[in-house]
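Following: one structure in structure tokens, then a few remarks.
The values are calculated or read from the model by the stated rules, or taken from the named source; none is laboratory data. If you're wondering where the values come from, they're calculated on a predicted model, not measured in any experiment. Using ideal geometry, Cβ is built from the backbone for each residue, glycine included, and neighbour counts are taken over all protein chains shown. Heavy atoms of the whole protein, side chains included, go into the accessibility calculation; ligands, DNA and RNA do not. Shrake-Rupley method; radii C 1.70, N 1.55, O 1.52, S 1.80 Å.
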Amino acid sequence: MAAKESGKKLRTFKHPGQFFAVAADLSKEVPIYIDANLGDGIKGDDTAQRIHSLGFHTVFLATGYEPARFKHLKFLAGFIGKEPPETWSKR
């Protein structure tokens with residue numbers, strides 16, 4: 001809802017496989033926000049690294065954990081909490 005209200009386009013995927021199936025069709029400039037815990041034993045940081053290796057360099061990890069827990073993941077563009085990015089509230 002926050003994306004729609006701020007005029008942003010948002011595409012969501014329930015499973016990483018759904019993203020990877022269309023990744024080649026997406027602009028590498030699009031920011032990617034991925035949850036740290038994807039369920040079914042899938043780690044968001046591992047998936048984020050795979051996304052980054054495809055050429056997406058604006059990959060953010062969404063987490064309720066302290067960012068220091070993931071500081072070794074140098075490929076990440078940053079961290080956000082579980083709320084929509086602040087940039088979505090600015091037009």
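Could you please put V59, V22, V30 in sequence from largest to smallest accessible area, using a 1.4 Å probe?
I get V30, V22, V59, largest accessible area first.
Starting from the amide H of I32, placed 1.01 Å from N in the peptide plane, find each other amide H under 5 Å away whose residue is 5 or more places distant or on another chain.
T58, V59, F60
Around K43, what is the net charge, scoring Lys/Arg as +1 and Asp/Glu as -1 over all other residues with Cβ under 11 Å from its Cβ?
Summing Lys and Arg as +1 and Asp and Glu as -1 gives -3.
Convert each backbone phi in region 26-31 into a coupling constant with the Karplus relation 6.51 cos²θ - 1.76 cosθ + 1.60 (shift: θ = phi - 60°), then list the ³J(HN,Hα) values in order as whole Hz, x for Gly and Pro.
For region 26-31, the Karplus curve yields 9, 5, 5, 7, 5, x Hz.
Looking at the chain, what % of its DSSP beta bridges pair antiparallel, to the nearest 5?
10
In square angstrom, rounded to the nearest 10, how much accessible surface does I51 have for a 1.4 Å probe?
10
What are the ³J(HN,Hα) couplings of region 50-66, residue after residue, when phi is run through the Karplus curve with 6.51, -1.76, 1.60 and θ = phi - 60°? Round to Hz, x for glycine and proline.
Taking θ as phi minus 60°, the curve returns 5, 4, 4, 5, 7, x, 7, 10, 10, 10, 10, 9, 8, 8, x, 6, 5 Hz for region 50-66.
Using a probe radius of 1.4 Å on heavy atoms only, what accessible surface per residue do you get for region 1-87? Whole Å² is fine.
Details: 6010 Å² over 87 residues.
Heavy-atom SASA per residue in region 1-87 reads 69 Å².
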